[in-house]
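Comments concern the structure below.
The values are calculated or read from the model by the stated rules, or taken from the named source; none is laboratory data. Keep in mind that this is a model prediction, so the values were computed, not measured. Quick reminder, even Gly has a Cβ in these numbers, built from the backbone with ideal geometry, and neighbours come from all protein chains shown. Remember, those area values only see protein heavy atoms, side chains included, never the ligands or the DNA or RNA. Shrake-Rupley method; radii C 1.70, N 1.55, O 1.52, S 1.80 Å.
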Amino acid sequence: MKTLTKDTAIALLMGGPGSEREISLVSGKAVLEALRAEGFTRVTPVVVDCERPQIPQGTELCYNMIHGTYGEDGGLQSYLEELGVPYTGAGSVTSKHCFDKILTKKAFFAAGVPTPQDTIIHPGEMPTIGIPCVIKPPCEGSSVGVSIVRTEEELPAAVAEAAKYGTDLLVEEYIEGKELTVAILDGTPLPVIHIAPREGFYDFANKYPALSGAVGSDYICPADISEEETQAVQAAALAAYKALNVEVYGRVDVLLTADGRPYVLEINTIPGMTSASLFPKAAAAVGISFGELCARIAQISLNQARS
């Protein structure tokens with residue numbers, strides 16, 4: 001067993017080529033400061049601008065804070081496996097399957113995980129799943145390109161918006177319910193968080209009001225739901241986590257209907273990691289500080305077997 005020490009050489013990777021680059025830089029800076037505050041003396045920030053970044057010589061662990069494209073889709077993981085350098089978070093295969101919501105949904109259905117019904121369309125096509133529905137690009141994070149369609153007239157614009165990001169478009173039945181998220185650390189669910197947008201839904205603007213100028217969202221942790229509902233939501237989230245064989249940590253997004261039924265939407269394998277992000281909020285609710293959380297992720301990852 002490898003032991004994480006205060007002088008373990010860590011390369012903290014951030015940035016990347018995707019639409020979430022700016023968010024990644026914020027997460028990366030926060031984790032860098034947290035690890036240094038915890039006493040880790042050899043943490044080197046690496047801003048990634050290409051698909052084969054230069055990893056500092058002697059690196060013992062890459063701390064991956066690249067959200068979305070390349071950092072979360074298995075690309076970076078495959079490269080680091082090729083180099084033989086340990087890294088944080090889910091493996092290359094898991095990352096690919098979690099990043100592509102079409103593959104994610106297939107795994108959910110195969111494992112009996114409760115999730116909204118869906119269909120796949122292509123640019124120019126109109127869905128037959130019925131309205132209201134949700135149209136999204138399957139390989140983007142932070143709700144980029146996502147639209148809730150409530151009328152026939154809104155369909156063309158929603159399809160066109162999602163089509164900016166790819167040719168396969170995921171259309172899901174619309175589920176009315178509370179927006180919840182469950183952070184899972186090394187197979188253990190943390191307290192459920194209720195995400196309450198102050199207006200609209202939890203899109204990119206409401207996730208990052210400092211960047212967008214939106215009114216933002218409120219976060220209630222533990223969520224304002226019953227103990228029975230909490231257990232049902234955590235069970236559904238853990239079932240989803242296991243269905244995709246997620247390693248180390250992840251955050252599962254769930255909708256909870258008024259009659260207490262959970263529906264899993266997706267799994268984030270590189271969730272936001274600032275002191276104000278959702279995963280750290282859940283950890284704080286059980287007494288795990290941000291710095292300790294960052295260190296735990298590093299320690300668990302250091303001993304994670306990679307294929």
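How many residues are assigned to a loop (DSSP other than H, G, I, E, B) and open to solvent by less than 100 Å² (accessible area, probe 1.4 Å) if we restrict to the range 45-57?
Narrowing the range 45-57 to residues assigned to a loop (DSSP other than H, G, I, E, B): 49-57.
Next, from what is left, pick out any that are open to solvent by less than 100 Å² (accessible area, probe 1.4 Å): 50, 53, 55-56.
Residues that pass the stated criteria total 4.
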**Study point:** Among the residues listed as SER301, SER277, the single one being at pLDDT below 95 and either touching an Asp or Glu at 6+ places or on another chain (Cβ under 6 Å) or crowded, with 19+ Cβ neighbours inside 10 Å (or both)
**Key:** SER277
Practice item. Quick one: VAL264 ticks every box in (1) open to solvent by 10 Å² or more (accessible area, probe 1.4 Å); (2) in contact with a helix residue (DSSP H, G or I) (Cβ under 6 Å, 6 or more places away or on another chain); (3) in a strand (DSSP E or B) except a single one, so which number is it? Key: (1)
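Among the hydroxyl-bearing types (Ser, Thr, Tyr) and crowded, with 20+ Cβ neighbours inside 10 Å - does that describe any residue in the range 178-185?
Kept after step one, since they are among the hydroxyl-bearing types (Ser, Thr, Tyr), are these residues of the range 178-185: 181.
Filter once more, so that each one left must be crowded, with 20+ Cβ neighbours inside 10 Å: 181.
Looking through the range 178-185, at least one residue is among the hydroxyl-bearing types (Ser, Thr, Tyr) and crowded, with 20+ Cβ neighbours inside 10 Å.
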Check your understanding: Which residue out of LEU278, LEU256 is within 25 Å of VAL31 (Cα to Cα), touching a Gly at 6+ places or on another chain (Cβ under 9 Å) and touching a residue at least 24 places away in the same chain (Cβ under 8 Å)?
Key -> LEU278
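Which one of these is open to solvent by 10 Å² or more (accessible area, probe 1.4 Å) and touching a Pro at 6+ places or on another chain (Cβ under 8 Å): GLU22, GLU33, GLU60, GLU38? Quick ask: steps written out before the conclusion?
On the way: GLU22 fails: touching a Pro at 6+ places or on another chain (Cβ under 8 Å); GLU33 fails: touching a Pro at 6+ places or on another chain (Cβ under 8 Å); GLU38 fails: touching a Pro at 6+ places or on another chain (Cβ under 8 Å).
Exactly one of GLU22, GLU33, GLU60, GLU38 is open to solvent by 10 Å² or more (accessible area, probe 1.4 Å) and touching a Pro at 6+ places or on another chain (Cβ under 8 Å), namely GLU60.
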Point to revise | Subset of the range 86-113 [open to solvent by 10 Å² or more (accessible area, probe 1.4 Å) and touching a Ser or Thr at 6+ places or on another chain (Cβ under 6 Å)] | key: SER92
Practice item. For the range 32-54, state whether one or more residues are closer than 18 Å to TYR249 by Cβ and acidic (Asp, Glu). Key: yes
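Return a yes/no flag: does the range 92-112 have any residue that is assigned to a loop (DSSP other than H, G, I, E, B), touching a residue at least 12 places away in the same chain (Cβ under 8 Å) and of a type in the set (A, V, I, L, M).
Here is the first cut: in the range 92-112, the ones assigned to a loop (DSSP other than H, G, I, E, B) are 100, 112.
With the extra rule that they be touching a residue at least 12 places away in the same chain (Cβ under 8 Å), the set shrinks to 100, 112.
Still in the running and of a type in the set (A, V, I, L, M): none.
No, that holds for no residue.
Do we have any residue at all in the range 80-91 that's part of a loop (DSSP other than H, G, I, E, B) and of a type in the set (Phe, Trp, Tyr)?
No; the residues of the range 80-91 include none that is part of a loop (DSSP other than H, G, I, E, B) and of a type in the set (Phe, Trp, Tyr).
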